[in-house]
Amino acid sequence: MKRVYIKTYGCQMNERDSEAVAAMLLRRGFALAPDEFSADAVLLNTCSVRELAESKAVGKAGHLCRLRKKSPDFLIGIMGCMAQNRGDALLTQVRGGVDLVVGTQQAHRIPEFLEELFARPNRGAPILALDAAEGSQEEIKDHLRCRPSAFISIQQGCDMRCSYCIVPKTRGRERSRSLAGIVAEATKLAEGGTKEITLLGQIVTSYGRNLYPKIGDKSPFVQLVEAVHDIEGIERVRFTSPHPHGFGPDLIDAFARLPKLCPFVHLPLQSGSNRVLKAMKRPYTRERYLEIVNALRAARPDISFCTDIIVGFPGETQEDFEQTAELFDTVKFEMAYIFKYSPRAGTPAAELTQALIPDEVMQQRNQILLEKLERYSLTANEKLVGTTQRILVEAPARKGQNIWMGFNPQHRKVLFETPPNTHPEGQLLNLKIERASAATLFGVME
Ligand code: SAH
Ligand code: SF4
Ligand code: F3S
């Protein structure tokens, strides 16, 4: 039996795709390897969103080629966004070459490609599959197991054209899965013990806009959230990422109406300067962003916010940055992913070479926001000391120590100790919070 190791870079969409491919491989008679050394084939599921993500994966692939020396049949495949972005150039860019390059819309064919490669008597020409998908978007639906908290891809691609972003190139046009297909997947997961569903897409607020009409004021995305919310056994619903552009009153109202919809929103801001937002081609203003935040707070006073910010977009002045910092202070984000701008070939912003911000300046701005984040995250966690939090237990935190990890509705991580040989995975427990750091809460069972 051939053993395959999948290593994943990038976002939750990639994590989800890797899991679906792993499950498909098992169904086709492959085994999964825990690392590259015990594998007959390695698949790198890659990301292109920043230069560093690509260079890490290219470096890794080059290293893997050394394993071929020991076993000449060892296969190296590259899938995901960098496969789509670089295509056949990877055949020469990776030292030692690769056997398989599979784009983001052909991942469901990976078992078939590996069978073909393993059946060859000698290492032949590499297989390349970079075409757009035909037909439905239902291929990526297999799960390895029904985890307490599971992801479901509801949509692929993105039709926005944010001027810095490579994703529309790597993931293609926006395509939504059918509502019935998603509900069927969530129902099956719930029957297997899943309690929490996170709906995934690059711009989930646009979900289904070409497939379904609005019903009353409800967008297709809100219709989907309601449908998943109604599934028996599902206790929590989350989604990521929405776009401020599509965050309408129907979705804000959903937070007031739907108790299982968790009070946690990941709402990418990118910049707090209207001038920079315009240059990024993000169709909203800082004022509109704040309006959404305030409306959500009114609908759900316990809501907490997470965001994505890019510092050092070409031409970002000190004043622009201060606007971002100020907005950060106003919202008091408890979670944030802060990135230094990375030029991506082929995107409009990559042409702005005259206006590039020096790395020291980006680093400084990055640091300022990270310090704010640490402060707001710690304050939010400290407020919870002494309270009781409802936790969905996801996994052991440290092996062999009876310490488990779970999350509260606001997605704060909570660690707690159990008596030996207890397995609370998948349970919803009330924990009394005793201690807090910026990243973690420490609780005890009541
Ligand atoms: N669809 C999501 C973002 C997906 S990419 C959205 O629109 O919010 C994840 C994050 O990577 C983005 O939110 C952005 O903050 C960051 N990012 C994207 N392109 C980047 C670039 N060229 N340089 C630095 N960060 C980038
Ligand atoms: Fe990229 Fe913008 Fe689409 Fe997000 S919305 S994936 S940042 S183009
Ligand atoms: Fe990276 Fe592709 Fe996700 S570029 S961030 S893995 S969609």
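Annotations
- Considering residues of the stretch 103-124 that are among the aliphatic types (A, V, I, L, M) and in contact (Cβ under 8 Å) with a residue 40 or more places away in the chain only, the residue nearest to Gly29 (Cα to Cα): Leu114
- Extreme residue, farthest from ligand 2 (Cβ to nearest atom), among residues of the stretch 44-85 that are in contact (Cβ under 8 Å) with a residue 40 or more places away in the chain and over 26 Å from the mean Cα position of the chain (by Cα): Pro72
- Residue count for the stretch 150-175, restricted to those that are open to solvent by 10 Å² or more (accessible area, probe 1.4 Å) and within 14 Å of ligand 2 (Cβ to nearest atom): 15
- Residues of the stretch 78-132 satisfying the condition of being open to solvent by 60 Å² or more (accessible area, probe 1.4 Å), over 30 Å from Gln202 (Cα atoms) and in a helix (DSSP H, G or I): Thr92, Glu115, Glu116, Ala119
Residues are listed down the side, and each one gets a yes or a no for (1) hydrophobic (A, V, I, L, M, F, W, C); (2) within 14 Å of ligand 2 (Cβ to nearest atom); (3) assigned to a helix (DSSP H, G or I); (4) under 26 Å from Glu322 (Cα atoms):
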| site | (1), (2), (3), (4) |
| --- | --- |
| Ile252 | yes, no, yes, no |
| Val265 | yes, no, no, yes |
| Val276 | yes, yes, yes, yes |
| Arg282 | no, yes, no, yes |
| Glu287 | no, no, yes, yes |
| Glu291 | no, no, yes, yes |
| Leu296 | yes, no, yes, yes |
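- Tally of residues being surrounded by 17 or more Cβ atoms within 10 Å (Cβ to Cβ) and under 25 Å from Glu374 (Cα atoms) across the stretch 414-438: 6
- Unique residue being assigned by TED's automatic domain parsing to the domain that holds Ile110, open to solvent by 60 Å² or more (accessible area, probe 1.4 Å) and farther than 18 Å from Leu100 by Cβ when the list is Leu26, Leu32: Leu26
- Phe118 vs. criteria over 30 Å from Asp308 (Cα atoms), aromatic (Phe, Trp, Tyr) and away from ligand 2 (no atom under 16 Å from the Cβ): yes
- Restricting Ser38, Ser18, Ser55 to residues that are polar (S, T, N, Q) and either open to solvent by less than 30 Å² (accessible area, probe 1.4 Å) or touching an Asp or Glu at 6+ places or on another chain (Cβ under 6 Å) (or both) narrows the list to Ser18.
- Some residue of the stretch 209-222 being surrounded by fewer than 21 Cβ atoms within 10 Å (Cβ to Cβ), part of a loop (DSSP other than H, G, I, E, B), of a type in the set (Gly, Ala, Ser) and within 16 Å of ligand 2 (Cβ to nearest atom): no
- Selection count where residues are buried (at least 22 other Cβ atoms within 10 Å of the Cβ) and under 22 Å from Asp159 (Cβ atoms), scope the stretch 270-279: 4
- Applying the criterion of being among the hydroxyl-bearing types (Ser, Thr, Tyr) and open to solvent by less than 20 Å² (accessible area, probe 1.4 Å) to the residues of the stretch 314-341, the residue that is nearest to Ser273 (Cα to Cα) is Thr324.
- Checklist (1) out of contact with any helix residue (DSSP H, G or I) (no Cβ under 9 Å at 6 or more places or on another chain); (2) crowded, with 21+ Cβ neighbours inside 10 Å; (3) not β-branched (Val, Ile, Thr) applied to Lys188, failing item: (2)
The values are calculated or read from the model by the stated rules, or taken from the named source; none is laboratory data. Only a predicted model underlies this, so the values are computations on that prediction, with no experimental measurement involved. Because the Cβ atoms are built from the backbone with ideal geometry, glycine has one as well, and the counts that use them run over all protein chains shown. In case anyone asks, the SASA skips ligands and DNA or RNA and just uses the protein heavy atoms, side chains included. Shrake-Rupley method; radii C 1.70, N 1.55, O 1.52, S 1.80 Å.
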